[in-house]
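Please read the structure below before turning to the comments.
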Amino acid sequence: MQGLLEQRVVIVTGAGSGIGRAAAEVMAREGAIVIASDLRLASVEETAQRIVDAGGRALATCTDVSKLDQLDALHDLTFKEFGRLDGAFNNAGIPGDGLALADHTEAGFDALIAVNLKAVWYGMKRQIELMLPHGGGAIVNTASVGGIVGKPGLSVYCATKHAVIGLTKTAALEYGSRGVRVNAVCPGVVRTAMVDTVMAGQRGAEDEWSKLQPIGRMGTPEEIGEAVAWLLSPRASLIHGHALVADGGLTVA
Ligand SMILES: NC(=O)c1ccc[n+]([C@@H]2O[C@H](COP(=O)([O-])OP(=O)(O)OC[C@H]3O[C@@H](n4cnc5c(N)ncnc54)[C@H](O)[C@@H]3O)[C@@H](O)[C@H]2O)c1
């Protein structure tokens, strides 16, 4: 039986941990050739090794997405190795710092914008340039339920994720007729290192955060990876410009 992404060349950023690692593994299981990139080389090499050990194909590369020359290197490497790009999951991100809006520093603001927003724009720019001459491709950007609603203590984080949805919808309008399908995924509370960091030191946080989602538990990175693999696949051919919420019902409460 054919996988969802058979022979498709797909870039995943933030693939050293959490949602990015899980998505890379799901996609490889579905037949994709994964270019797994992350700021942390050892972590992303581990992701690639896990894929290879499971019988899949992956290449690990170190990329700080906040540096445009490193994003160039990632896309140039992909084209040099494989001659094309079929899919991309722009996922690398950093959390908010829990400060109220007036307490944010300029440095904190700039760091969130650089990783969570500017890198998504520049990644998409390079991906679209690579995809257009080959008849198109598919892109998924990681937004968040923080791209749909606000959350106290996460003003700048939420601003970046709202903006990612804005980039997604606009790119869908601009490039859909030329074969590039663009969507976003909006995870709710997913148990990853990022969430563990935010919960650290808050007594009862695990229970409280689980109850935020009507399903009564946090999501798993694999559950988001499944959604992303489908969105990137031809089986989602009519899904375009959409921000897919995967939050166990959090935002319908
Ligand atoms: N976990 C959640 O509940 C949740 C909810 C909504 C959205 N998200 C989003 O999901 C994405 C992945 O988060 P996660 O929960 O898997 O977190 P995570 O911390 O487990 O993984 C994030 C990965 O991104 C990498 N990264 C950070 N800065 C980078 C940079 N400058 N360049 C390259 N890589 C970098 C980290 O090294 C790490 O491997 C993020 O965009 C996050 O905002 C997460």
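The values are calculated or read from the model by the stated rules, or taken from the named source; none is laboratory data. Note that the structure is a prediction, hence the values are computed from the model and not measured. Methodologically, a virtual Cβ is constructed for each residue, glycine included, from the backbone with ideal geometry; neighbour enumeration extends over all protein chains shown. Ligands, DNA and RNA are excluded from the accessible area calculation, which covers all protein heavy atoms including side chains. Shrake-Rupley method; radii C 1.70, N 1.55, O 1.52, S 1.80 Å.
Observations
- When the range 7-28 is filtered for residues that are open to solvent by 20 Å² or more (accessible area, probe 1.4 Å) and within 19 Å of residue 124 (Cβ to Cβ), the ones remaining, listed by number, are 8, 19.
- Checked against (1) closer than 22 Å to residue 19 by Cα; (2) open to solvent by less than 10 Å² (accessible area, probe 1.4 Å), residue 131 meets all criteria but (1).
- Residue satisfying all of: in the range 29-53; part of a loop (DSSP other than H, G, I, E, B) and open to solvent by less than 90 Å² (accessible area, probe 1.4 Å); nearest to residue 84 (Cα to Cα) among these: 32
- Of the listed requirements (1) more than 21 Å from residue 92 (Cα to Cα); (2) within 18 Å of the chain's Cα centre (by Cα); (3) not basic (Lys, Arg), residue 173 misses just one: (2).
- Check on residue 63, open to solvent by less than 40 Å² (accessible area, probe 1.4 Å), more than 13 Å from the ligand (Cβ to nearest atom), among the polar types (S, T, N, Q) and more than 14 Å from the chain's Cα centre (by Cα): no
- Within the range 217-234, residues that are within 10 Å of residue 246 (Cα to Cα) and modelled with pLDDT of 95 or more reach no partner that is among the hydroxyl-bearing types (Ser, Thr, Tyr) and more than 10 Å from the ligand (Cβ to nearest atom) with beta carbons closer than 9 Å at six or more positions or on different chains.
- Scanning the range 198-253 for residues that are within 30 Å of residue 177 (Cβ to Cβ) and assigned to a helix (DSSP H, G or I) yields 224, 225, 226, 227, 228, 229, 230, 231, 232, 234, 235, 236.
- Filtered residue count, the range 173-202, keeping only those that are more than 15 Å from the ligand (Cβ to nearest atom), touching a residue at least 12 places away in the same chain (Cβ under 8 Å) and surrounded by fewer than 19 Cβ atoms within 10 Å (Cβ to Cβ): 4
- Residue 99 being open to solvent by 10 Å² or more (accessible area, probe 1.4 Å) and either at pLDDT 95 or above or of a type outside the set (Val, Ile, Thr) (or both): yes
- The range 23-47, residues that are within 13 Å of the ligand (Cβ to nearest atom), among the aliphatic types (A, V, I, L, M) and more than 23 Å from residue 117 (Cβ to Cβ): 41, 42
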